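See structure below.
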Amino acid sequence: MRILRFLQRYPLVTATLAVGLAVAVLLLAGQEPVARWMGSVYSLAVAAKVSVGMVRDVLHGHWGIDILAVTAIVATVAVGEYGASLIICLMLTGGGALEDFAERRATRELSALLDRVPGTAHLCRPDGSLAEVPVGDVAVGDEVLLRPSEVLAVDGILLSEAADFDESSLTGEPLPVAHWAGDPVVSGVLNGNVAVRIRATAAAADSQYARIVALVREAAASRAPVVRLADRYAVPFTLFAYLLGGLGWWISGDPARFAEVLVVATPCPLLIAAPVAFMGGMSRAAKRGIIVKNGGTLERLARVRTAAFDKTGTLTHGTPQLIEVRVAPGIADRFDADALLRLAASAEQYSSHVVAASVMRAAAARGLGLVPASVASEEATNGVHAVFDPATVLVGLPAGTASGPPGADPPSTRLDVRVGKRRWIGQHCRGMAEYPLGEGEMAVYLAVSGEFAGVLVMSDVLREDAAPTLARLDRLGVTRRLMLTGDAAGTANHIARRVGLTEVRADLLPQDKVREIAHAAGPVMMVGDGVNDAPVLAAADVGVAMGAKGATAASESADVVIMTDDISKAALAVEIGQRTVRVALESI
């Protein structure tokens, strides 16, 4: 059946095989003149068909290897070798069919993403009814029903109690991933066996899956420089074949020598090798959750010798984690560490700050339930004020912690508190003290009913695979590795020592990062994740965006987008690039 489908898809190959079989039968039947006539006419017809496209390419400035094959067909027919002309026809038509077939197989992971793009969504109306609407009509805040085995069209928040999603097309993770009510769910995931409700947090055009599809379409339409280089071989190779064939004809006096050289010189593998190798490399990368935007990027990845990394969200997770709860001595008889953390998390549930989410996760990890507040307000960038009967709780940076409830008269005494290298000017709070912090740590201060209660020590945790990734890059020949970060030098050096980086550039603005990349020697790969990394990702020879949690701007300006929260994929991308170029050049 597979052979039959192949023949149906490629009718010119089928016709060539049929004519060849007919010629063989005629020869066995003693009908050599008829066989000669059939083989010659068919071969010239194939040559004419190929010549039409060849002439069109030449008019557009592209000289391909087809001119050699067409000349070989005409030459073999002219000297009466119609059998050889049929073989060249089979090479020519079969080579194109094999290229198309191999490209389809090589890009099936890429095309699978495109084939799964949902066109409609089930919108939940306020009256409880369902309406099937185009995905473009789903707005932020709309509630949609995702039926079993359907692909989610928009990013959203899970409203149902629990759900299992197949995320393999996005992340490469083969097992279903469990999500609970309130969890964010990205578009492109495949629902399990139970219908669930999702509240849209982005329109379909702005969702994760739409960005992936745009990247894939860009990747599928690309063509690597090495492929164009293979095409350039056509002109000198063809001229050499003509010269050698003509020399053989002149020395022997037999025109058949010219035809024989052209038959041997028809190089179908040269036409197939490079495109298939690059499409295969892009497909392999996509299957592992790495979107390579074009084939040229694979070639640049193979030549990378310098790798630069952002720190926050790239070498580290980018989300602070609780290291320690330090209870102030004055209230240690009333609150222990867990009680203090519970109060802090209960107040932080009313904040949208990234640190607030980390505090709540730490409380949940210890099994501490949150208490609802009767009154709560957030002072932007400083902290949260919440009233829990009978306590009033302030959580945040020193300026917010010490300011007191809204409307209260500020105390007259002021205190300077250092967090890292920055100075926060805070108003006095009874018993407030400065706590020493280690490198890479930050403090969240807590006050209860106007009295200093303690400190939550937070730290941005290093990725477990950061150091192994850098070691793997070293084995791949990426001999220079450095950190480019806007963070303070102390924190940056602390992280650099832990991952084995010896070159650190700290306190950098986005334009400073661009300047550092411009001065770096050799092909440079830059790995980052945030909006501030977008300029340097665009400036690098190869920009790699951590796209799972990164900014859209970073993904759009990068050449490679890693769809999972896994920095080791940066080294895997280099490895795939090196193998792809090696296979392409060996084949050529």
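When you look at A328, is it on the phi < 0 side of the Ramachandran plot and buried (at least 24 other Cβ atoms within 10 Å of the Cβ), yes or no? No; evaluated as a whole, the condition is false for this residue. Scanning segment 479-500 for residues that are over 14 Å from G313 (Cα atoms) and in contact with a Ser or Thr (Cβ under 7 Å, 6 or more places away or on another chain) returns a single hit, R480. Restricting R422, R418, R414, R430 to those that are at pLDDT 50 or above and either under 37 Å from the mean Cα position of the chain (by Cα) or not small (G, A, S) (or both) reduces the list to R430.
Comparison of G577, G500 shows that the only residue that is out of contact with any Phe, Trp or Tyr (no Cβ under 6 Å at 6 or more places or on another chain), at positive phi and modelled with pLDDT of 85 or more is G500.
In summary, helices (runs of 4 or more DSSP H) completely within segment 268-373 and bearing 3 or more residues that are of a type in the set (D, E, K, R) occur at 295-303, 337-348.
Please go through segment 331-342 and give me each residue that is surrounded by 14 or more Cβ atoms within 10 Å (Cβ to Cβ) and over 29 Å from L462 (Cβ atoms), ordered by number. Listed by number, the residues that qualify are I331, F335, A339.
On inspection, M54 does not qualify as among the aliphatic types (A, V, I, L, M) and farther than 15 Å from A234 by Cβ.
Among all residues of segment 461-477, there is none that is among the hydroxyl-bearing types (S, T, Y) and not in a helix (DSSP H, G or I). For segment 303-328, a residue qualifies if it is more than 19 Å from the chain's Cα centre (by Cα) and aliphatic (A, V, I, L, M), and the qualifying residues are L322, I323, V325, V327, A328. Give the residues of segment 357-381 that are surrounded by 13 or more Cβ atoms within 10 Å (Cβ to Cβ) and either among the basic types (K, R) or in contact with a Gly (Cβ under 9 Å, 6 or more places away or on another chain) (or both), sorted by residue number. Matches in segment 357-381: R361, A363, R366, E378, E379. Looking only at segment 314-336, residues that are farther than 30 Å from I562 by Cα and either without any contact (Cβ under 8 Å) to a residue 40 or more places away in the chain or hydroxyl-bearing (S, T, Y) (or both) come to 5 in all. Screening A364 against (1) under 30 Å from M525 (Cα atoms); (2) free of Cβ contacts under 8 Å to residues at least 40 places away in the same chain leaves a single unmet condition, (1).
Looking across R217, R223, R197, R211, one residue alone is modelled with pLDDT of 70 or more, within 21 Å of the chain's Cα centre (by Cα) and basic (K, R). It is R211.
The values are calculated or read from the model by the stated rules, or taken from the named source; none is laboratory data. All values derive from a computational prediction rather than experimental measurement. Every residue, glycine among them, receives a Cβ derived from its backbone with ideal geometry; neighbour counts consider all protein chains shown.
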